Amino acid sequence: MKTGYSVSKEIANPFLVRQRDPGRLRGLWRLVAIVLPFAAAVFAYTWVHEQGLEAGYRIEGLERELEDVLQEERLLELEATRLTRPERLSAVAEQLGMAPPTLDQMIFLSSESASLVRAGTASEAAQ
């Protein structure tokens, strides 16, 4: 209750220093100890999920690259088949001035010399 005789005076003390409350610091450490495992779990889940997505994108890119390589392989096989057709080889040989060998250009081997040639080829391959 206020009376007319009481005069309130504001106290100004700029040199007043408050001490730290040790209970407040303990409470802060408790909060950190509770929140830190949850934050670590969320971080770990996010990292694992992101790594899984990245691996999926890499796999998808490699599958696309494999399809491209297989398509190129099919095209090269078709090109090789086209280039080794006997009709085409005959036409190229004629353009180069080649002709089938005549009988005097041919060398006929007897069965004995053929076996020697095969034996010599086999021994060269073994070395």
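Could you please state how large a percent of the accessible area of region 9-67 is carbon and sulfur, counting protein chains only and using a 1.4 Å probe?
Here carbon and sulfur together make up 66 percent of the probe-accessible area.
Evaluate the charge dipole of the chain about its Cα centre and quote only its size in Debye, nearest 20, assuming +1 on the Cβ of each Lys and Arg and -1 on the Cβ of each Asp and Glu.
In total the dipole reaches around 2200 debye.
Need the full-extension length gain, residue 66 to residue 35, defined as separation in residues times 0.36 nm minus the C-alpha distance. One decimal, nm.
Taking 0.36 nm per residue and subtracting the Cα distance, the gain is 6.5 nm.
Please report, largest first and rounded to whole Å, the three semi-axes of the ellipsoid equivalent to region 12-127, where each semi-axis is the square root of five times an eigenvalue of the C-alpha gyration tensor.
Value: 88, 23, 14 Å, ordered largest first.
State, in angstrom, two size descriptors of region 14-81 derived from its alpha carbons: Rg to one decimal place and Dmax to the nearest whole number.
Rg, Dmax (Cα atoms, Å): 29.5, 99.
The values are calculated or read from the model by the stated rules, or taken from the named source; none is laboratory data. Being a predicted model, the structure only gives us computed values, none of them experimental. Cβ coordinates were reconstructed from backbone atoms using ideal geometry, including for glycine residues, and neighbour counts include every protein chain displayed. All accessible areas refer to the heavy atoms of the entire protein, side chains included, with ligands and DNA or RNA removed. Shrake-Rupley method; radii C 1.70, N 1.55, O 1.52, S 1.80 Å.
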